[in-house]
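Have a look at the structure below before the remarks.
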Amino acid sequence: MPTERPPTIDPTAAARWQHAAPAVSPWLHEEVARRMEDRLQWITVLPRAWVHWDAVRGGLRAHALLTRRFPAAACTVVESDARRIAAAKAALRPAWWTPAAWRGAGLRFADPDDAALREGGPQMLWANMALHLSADPQALIARWHRALDTDGYLMFSCLGPDTAQEVRALYQAAGWPPAGHAFTDMHDWGDMLVHAGFAEPIMDMERIVLTFATPQRLLQELRELGRNLHPDRFGALRGRGWRRRLEAAVDALPRQPDGSLALTFEIIYGHAFKPAPRVRLSQESAVSLRDMRALLRQGRPGDAPGNAPGGGAPGGAPDGPRA
């Protein structure tokens, strides 16, 4: 069944950014991942296997935190672009002389279309700061659902509607096209999770304010985090004159007491688990082999699966980038 694409995301631009995004973990992504990792203390079931979705952009330092939290769990690192698979291997494969390499640490690398991901199996899927850049987020959430084992759980984060409100207001006041595509509200993400088959989603939100000494540094941060994917964005290249006007407009924004420029990021955190499949009985019912195995493990089709607790308080205040 076709999914409903976000009306403010240009699929071609989204695919282009997916390929062009630098193979580095932005500071904000690492900070959000650190806060999300802290929430795992409320999860009582340790995964035997887990998936790190787009680890290079999502946070390589965060991967180390997760590996320390789940030292015995096998991990599959999924990268949406072949260049970043190479970067992930270079950054995450243990050196040959280390004990982890001798044991064969249970680390593998894959792309999103890997056949093993369609079979399910991992008990956790971790996706940090990826969902808001997807041109078809419902299809992506459904893919995550398929990849997980029954009673496995999803941990994800993404940007919310109040992100970069200062720059959005500046563009609107200047009469320019939108500064970026619209970000989805956390309640809508919860509805999409339920639609994909997840159970009891837990959604949370916080705002992180980063400060910058110059307009140039503020705009550099935005370029590192993503691109303007709005279909109605500027349709042509802009010159140095426009860039000077943009920097002057940013420089005229209200300053913090210390003279710095502030930029707001709304961070949405989501957690949901994959329940046992339910089969509506009729004269003739079709059940996949994988779902049948899950039903046999759980008992009769109407049994309720165990609930995986989630949530937790966010981490401490950020030490934002300054230039």
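The values are calculated or read from the model by the stated rules, or taken from the named source; none is laboratory data. Quick caveat: nothing in here was measured; it's all calculated off a predicted structure. Cβ: placed from backbone, ideal geometry, glycine included. Neighbour counts: every protein chain shown.
Some notes on this structure:
- Some residue of region 164-174 being out of contact with any helix residue (DSSP H, G or I) (no Cβ under 9 Å at 6 or more places or on another chain), buried (at least 21 other Cβ atoms within 10 Å of the Cβ) and under 20 Å from L218 (Cβ atoms): no
- When residues of region 109-134 are limited to those that are assigned to a strand (DSSP E or B) and of a type in the set (G, A, S), the one nearest to A21 (Cα to Cα): A127
- Figure legend. Inter-residue proximity from region 74-93: first residues hydroxyl-bearing (S, T, Y), second residues surrounded by 19 or more Cβ atoms within 10 Å (Cβ to Cβ) and in a helix (DSSP H, G or I), beta-carbon distance below 8 Å, spacing 6+ or different chains. Indicated pairs: T76/L117.
- Of all the listed residues (A142, A182), the sole one being under 26 Å from H19 (Cβ atoms), touching a helix residue (DSSP H, G or I) at 6+ places or on another chain (Cβ under 7 Å) and small (G, A, S) is A142.
- Contact map, region 224-252: first residue closer than 18 Å to A262 by Cβ, second residue part of a loop (DSSP other than H, G, I, E, B), Cβ cut-off under 6 Å, separation 6 or more or different chains; pairs are E224/P26; L225/P26.
- Applying the condition of being modelled with pLDDT under 95 and of a type outside the set (A, V, I, L, M, F, W, C) to region 17-38 and asking which residue is farthest from T211 (Cα to Cα) yields H19.
- Filtered residue count, region 71-101, keeping only those that are under 16 Å from D113 (Cβ atoms), part of a loop (DSSP other than H, G, I, E, B) and modelled with pLDDT under 95: 2
Residues are listed down the side, and each one gets a yes or a no for (1) under 24 Å from W189 (Cα atoms); (2) in a helix (DSSP H, G or I):
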site	(1), (2)
R5	yes, no
I9	yes, no
A13	yes, yes
A23	no, no
E31	yes, yes
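- Members of region 135-189 that are among the polar types (S, T, N, Q) and either closer than 22 Å to I267 by Cβ or part of a loop (DSSP other than H, G, I, E, B) (or both): Q138, T150, S157, T163, Q165, T184
- Residue in region 198-255 that is surrounded by the fewest Cβ atoms within 10 Å (Cβ to Cβ), counting only those that are touching an Asp or Glu at 6+ places or on another chain (Cβ under 9 Å) and part of a strand (DSSP E or B): R207
- Going through (1) touching a helix residue (DSSP H, G or I) at 6+ places or on another chain (Cβ under 9 Å); (2) surrounded by 20 or more Cβ atoms within 10 Å (Cβ to Cβ); (3) more than 24 Å from P231 (Cα to Cα) one by one, L148 falls short only on (1).
- Filter result (closer than 12 Å to M129 by Cα and either in contact (Cβ under 8 Å) with a residue 60 or more places away in the chain or surrounded by fewer than 18 Cβ atoms within 10 Å (Cβ to Cβ) (or both)) within region 13-26: P26
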